[in-house]
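For reference, the structure discussed in these notes is given below.
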Amino acid sequence: MLGQKEICSENKQINGKIFYKTANVSELQEKKGKKFILDKVPVAVFKVEGEFHAYSNVCAHQKGPICKAAVDSEFIVCPWHNFQYKVKDGKGPVGFNDFIPYYQTSVEDEFIWVSLMN
């Protein structure tokens, strides 16, 4: 179910980085978040305009749950206080230093894999 967390331990190396298996691509609805725990790290995964994006599930501003954020083609909007982060990289608006970590994703065999490594 969307919004609930799933603990993911299956992982593999892709291009020298460890990636964790999260969900089948069919499980994510457009612009709806799903929460995962990867190596004890809470992660939110979204599908935005057909592409998959992964972020820390903790808002840097007030610690709100990013998996419940409103999303459009440009911004993720924290459900607690409407702080915006860019979909493409998790950075806050110009003039703010707040950001949420953005994690690399890869799709293989219809599954979304997420790396916590930069």
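We did not get these values from a lab; they are worked out from the coordinates using the rules stated. Because the structure is predicted, anything quoted here is derived from the model rather than measured. Here the Cβ positions follow ideal geometry from the backbone for every residue, glycine too, while neighbour counts run over all protein chains shown.
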- Query: Magnitude of the Cβ-charge dipole of the range 5-115, K/R +1 and D/E -1, about the Cα centre, nearest 20 debye?
  - Reply: 400
- Using alpha carbons only, what's the Rg to Rh ratio of the chain with Rh from Kirkwood? 0.94
- Query: Can you work out ³J(HN,Hα) from phi for every residue in the range 90-98, in order, using Karplus 6.51 cos²θ - 1.76 cosθ + 1.60 and θ = phi - 60°, giving whole Hz and x for Gly and Pro?
  - Reply: x, 7, x, x, 3, x, 10, 9, 5
- Could you pull out every one of the lysines with an alpha carbon less than 18 Å from that of Lys63, ignoring same-chain neighbours closer than 8 positions? Lys5, Lys34, Lys35, Lys40, Lys86, Lys91
- Message: Please list 3J(HN,Hα) in residue order for the range 79-88, calculated via the Karplus relation 6.51 cos²θ - 1.76 cosθ + 1.60 where θ = phi - 60°; whole Hz, with x for glycine and proline.
- Response: x, 8, 8, 6, 5, 9, 10, 6, 4, 6
- Message: Could you check the spin-label model distance between Lys31 and Glu6? Points 7 Å from the Cα along Cα→Cβ, value in nm.
- Response: 2.3
- Query: Order of 90-102, 20-32 by packing, highest average Cβ count within 10 Å first?
  - Reply: 20-32, 90-102
- If the cut-off is 16 Å between C-alpha atoms, which aspartates and glutamates fall inside it for Lys32, apart from same-chain ones fewer than 8 positions away? Glu6, Glu49, Glu51, Asp72, Glu74
- Quick one: check the C-alpha center-to-center distance for the range 20-57 versus the range 96-118, whole angstrom. 8
